[in-house]
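All remarks here apply to the structure that follows.
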Amino acid sequence: MAPKKRPRMSKKAADAGKADDGGKVSAAEASVGGKRKATGKSKESVKADDPPAHSHWLMKSEPESRFENGIDVKFGIEDLKTMLDQTSCWDGVRNFQIVKEAYVDHTQFDKKDVHFDASSKPDNPKWSMVDVQYQRMMKRFIPLSELKKYHLQHRAQGGPLKDMVLFARTRLSVQPLTTEEFEFVVSLEDKAPL
């Protein structure tokens, strides 16, 4: 018997009456909500003690088949590219840092879904989801081990990845990047692997 696939509908697709598949997605340049958000602060207004503004997100992918409760949760960047408008919902996100442009994750109420949460109630939902849109593939794959080397190097000598959340909270499937971190990671595509 073929594995079950879980149908997903993003808010955008639901509003347009179009279904799509969702899941965990990754891309160096997938944007949350279909567009990048401005930080709302000019460079002059940002103080040294302000927390970093995050307008970019690093997302974990499930490009290989993985089954939860008999359901294949595979969904990678190549899958995102095939979606209508190259946009899909990102369900099952358990990260409270994503709050802008998020909406209630309906999968938390579906007993048959791998993201079901019996303690979450429709009148007081715990989980949110966002839409992500494909922007482009990077020119080369940048492995986690390479990012870790740069992170350690930057912690010792200074550099944009010195405080990268990826290495502080490694279990999250989506993590914020500052603009400086994002630009550095994207710049790696034109460099030889470390």
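Structural remarks
- Across the stretch 105-144, the number of residues qualifying as modelled with pLDDT under 85 and farther than 30 Å from ALA192 by Cα comes to 4.
- For first residues located in the stretch 181-194 and more than 17 Å from HIS154 (Cβ to Cβ), partners that are open to solvent by 90 Å² or more (accessible area, probe 1.4 Å) and lie 6+ apart or on another chain with Cβ distances below 8 Å form the pairs GLU189/LYS139; ASP190/LYS139.
- Among the conditions (1) of a type in the set (A, V, I, L, M, F, W, C); (2) under 19 Å from SER55 (Cα atoms); (3) touching a residue at least 40 places away in the same chain (Cβ under 8 Å), LEU161 misses just one, which is (3).
- Only one entry in ALA168, ALA102 is of a type outside the set (Val, Ile, Thr), farther than 21 Å from PRO63 by Cβ, at pLDDT below 95 and outside the structural domain of ASN69 (by the TED database), namely ALA168.
The values are calculated or read from the model by the stated rules, or taken from the named source; none is laboratory data. It should be emphasised that the depicted structure is a prediction, and the values quoted were computed from it without experimental measurement. Positions of Cβ are backbone-derived with ideal geometry, glycine not excepted, and every protein chain shown enters the neighbour counts. Surface areas here come from the heavy atoms of the whole protein model, side chains and all, with no ligands, DNA or RNA. Shrake-Rupley method; radii C 1.70, N 1.55, O 1.52, S 1.80 Å.
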